[in-house]
Amino acid sequence: MEEVFEDEASFPKTSGDVKPESAMVITDPYTGEVKGIVGGRGKKSGSMVLNRATQSPRQPGSSIKPLSVYAPAVDMGKITEVDTVTDEEITIGNDKGKPKNSYNDFLGDMTIKEAVARSANIPAVKVLDMVNLTNSFNYLQNKFHITTLEEKDKNYSSLALGGLTQGVTVEEMAGAYCTFVKSGKYIKPYTYTRVLDSTGQV
């Protein structure tokens, strides 16, 4: 991982001095053990420096949908993967918001499975409506252990589209997604199993 992150060819070419950053966490979903972690691009400059994987929350965007929308909806018995939802123009909250899709179109009826695969915004908003904002928020906090949420994130933009007030860390997203592999059981990612003193005693 470090070799890849130290290689400038691994990242898109940009002009100017400011370069986009990146971070990565690889976790064993069955144990929670962090197998690899890189906190930024380029060669590590020292110890105790900023680790973007654990210390820099960023907007999750559509990667929040399986956690905040579809997982609670399935768990609550509101949907199955073969249920259909209509991708169409809608308005949220007193004519204030008209969500669009990244593909700039509305595709009509589609299965939940297709909505997830396409990362369709309107179906996510509609399913979130079935779950309700409070349940979605509580799932993120209590089932997936996202710690960066604020009360004002109880809205469609945050919970269905991933525009959280503070964002979320790479480490917490990795831990949350591992819950799917463990059939719904969350295991907190960890980076060490024991601490020894100078004589080798635990």
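Electrostatic bookkeeping for Glu3 treats Lys and Arg as +1 and Asp and Glu as -1; over the other residues with beta carbon under 15 Å from its beta carbon, the sum is -1. The Thr199 and Glu3 beta-carbon pair, evaluated with R₀ = 35 Å, returns a calculated FRET efficiency of approximately 0.50.
These residues, Thr147, Thr169, go from largest to smallest accessible area, 1.4 Å probe, as Thr147, Thr169.
Could you report the chain's accessible area per residue, 1.4 Å probe, as an integer in Å²?
Details: 12020 Å² over 202 residues.
That works out to 60 Å² for each residue.
Shape class for the range 78-144: oblate, because the ratio a/c of the largest to smallest gyration tensor axis (alpha-carbon atoms, square roots of eigenvalues) is 1.5 or more and b/c is at least a/b. Taking only protein heavy atoms and a 1.4 Å probe, the accessible area of the chain is 49% carbon and sulfur.
Of the listed pairs Lys78/Lys185; Lys35/Lys100; Lys78/Lys154; Lys19/Lys152, which have alpha-carbon separations greater than 26 Å here? Spell out each step's value before the answer.
Working: Lys78/Lys185 20 Å; Lys35/Lys100 38 Å; Lys78/Lys154 20 Å; Lys19/Lys152 31 Å.
Distance filter (> 26 Å) returns Lys35/Lys100; Lys19/Lys152.
Tilt of helix 121-131 relative to the longest C-alpha principal axis of the chain, in degrees (0 to 90, nearest 10)? Tilt of helix 121-131: around 90 degrees.
Taking the alpha carbon gyration tensor of the range 17-129, multiplying each eigenvalue by 5 and rooting it gives semi-axes of 35, 19, 12 Å, largest first.
The alpha-carbon atoms of the chain define a convex hull whose volume equals 166 cubic angstrom per residue. With K and R counted +1 and D and E -1, the other residues having a Cβ less than 12 Å from that of Thr169 yield a net charge of 0. Helices in the chain, meaning DSSP H runs of at least 4 residues, each add -39500 (n - 2.57). Divided by all residues, the mean residue ellipticity at 222 nm is -7000 deg cm²/dmol.
The values are calculated or read from the model by the stated rules, or taken from the named source; none is laboratory data. Here the structure is a predicted model, which means the values were calculated and not measured. Quick reminder, even Gly has a Cβ in these numbers, built from the backbone with ideal geometry, and neighbours come from all protein chains shown. Protein only, heavy atoms only, side chains kept; ligands, DNA and RNA dropped before computing areas. Shrake-Rupley method; radii C 1.70, N 1.55, O 1.52, S 1.80 Å.
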